[in-house]
Amino acid sequence: MLHACGETPPHGHEQEYALCLLIAWPVATGDQSARIRQADALMDTLVDPPRYPIMTMLWGMALGAPQGDSQVWHRRVRLLGDDPWSAALALAGDGLVARLAGDPAAAADLLARAAAAFTRIGDRWGAALAFNQLGEIALTRGDAAGALVHIERGRGLLDELGATEDTAEAVIGRAQATLLAGDFDGARTDFGVALTLARRAGALVVQAGAHLGLAELARVTGDYATARQECDQAWERCPGGWYGPDQLRCHIAVERGRVAKAEGDVVLARRHFEEALRRAVGQRDHVTETAVRVELAALPAT
């Protein structure tokens, strides 16, 4: 549809055009800033919940967590319907905002309630996304076993749906938990499985996530040259302009900093960490910002 219509949405089908813009970004290449501005402008014209409630979720995934009492925040409230699915989505969205704000307890509570709400109405995809986020919270606090419980619950639902791209993301989560537990061979296998699934789905951003995981694995096993190469591969697969890929680029910058630090290049490590800090602050990602500040504080003076 985007190729057929060009940059002008067909009259009366502006919502469908915006939906296509939001669906396209995971497989897009290059700078997507113009597309996200166009999608944002189209969403801003809506005064009621969209005809397709999934648009609200995709829009949130594309733009990231809004600041409280901002124009975007008020638009989010306006676009959410009063149906049970929208109520579940609101819980999930609030959980993600709490997680990025550095409140893991509140985030876990909201996401668990979201998973239960999605389950009650039979939405396996929504429940799986909530379980995967619960797994990420567990990973952040170093609980590999707890993370695997949540991630496997989500992956099982995605397998039932045949959702290849989302299954690939879940397998990356499993690989990260396996890596945290010290099973390097198991992590390498899972990152490879995720990469194969992501390629099959044409999901460039998920491919980037798998390469980033392989970079971390290479670093912790002392293969710094491979770690740098995997970071480069991850970066090349991230289209600019959308929140998800931009957040991943922040994490790539963190990993590049850790590789440089492991190799003893303090100047390069500081440069990468400062880039990651700039990105984390801009994305209102308090969790990553805190982790990067710890990394910077630990670097010796140059």
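Across 199, 141, 228, the residue with the most accessible area heads the list, and the full order at a 1.4 Å probe is 141, 199, 228.
Of the whole protein surface, residue 52 contributes about 80 Å² of accessible area at a 1.4 Å probe radius.
Taking all protein chains together and rolling a 1.4 Å probe, residue 23 ends up with roughly 100 Å² accessible. Between the stretch 216-263 and the stretch 265-299, the alpha-carbon centres lie 13 Å apart. In the chain, which whole DSSP H runs stretch at least 20 Å along their own axis (Cα) and average 1.0 or higher on the Kyte-Doolittle scale? Counting only whole DSSP H runs, the qualifying helices are 204-220. Build a GNM of the chain with springs between Cα atoms under 10 Å apart, and of 16, 160, 230 the one that fluctuates most is 160.
For residue 1, the accessible surface of its heavy atoms amounts to roughly 90 Å² (probe 1.4 Å, protein chains only, rounded to the nearest 10).
One way to sum up the overall shape of the chain is the equivalent ellipsoid from its Cα gyration tensor, whose semi-axes run 31, 22, 19 Å, largest first.
Whenever you get a sec, line up 251, 11, 211 from highest to lowest accessible area (probe 1.4 Å, protein heavy atoms).
Ranked list, largest accessible area first: 11, 251, 211.
About its Cα centre, the chain has a charge dipole of approximately 280 debye under the convention of +1 per Lys or Arg Cβ and -1 per Asp or Glu Cβ, with nothing else charged.
Over all directions, what mean area does the Cα convex hull of the stretch 154-302 project, stated in square nanometres?
Details: hull surface 35.6 nm².
Seen from a random direction, the Cα hull of the stretch 154-302 projects 8.9 nm² on average.
Note on residue 141 and residue 281: with the Förster distance fixed at 30 Å, the Cβ-Cβ geometry gives a FRET efficiency of about 0.85.
The values are calculated or read from the model by the stated rules, or taken from the named source; none is laboratory data. Note that this is a predicted model, so its numbers are computed, not measured. Glycine gets a Cβ as well: all are built from the backbone with ideal geometry, and neighbour counts include every protein chain shown. The accessibility values were calculated without ligands, DNA or RNA, using every heavy atom of the protein model including side chains. Shrake-Rupley method; radii C 1.70, N 1.55, O 1.52, S 1.80 Å.
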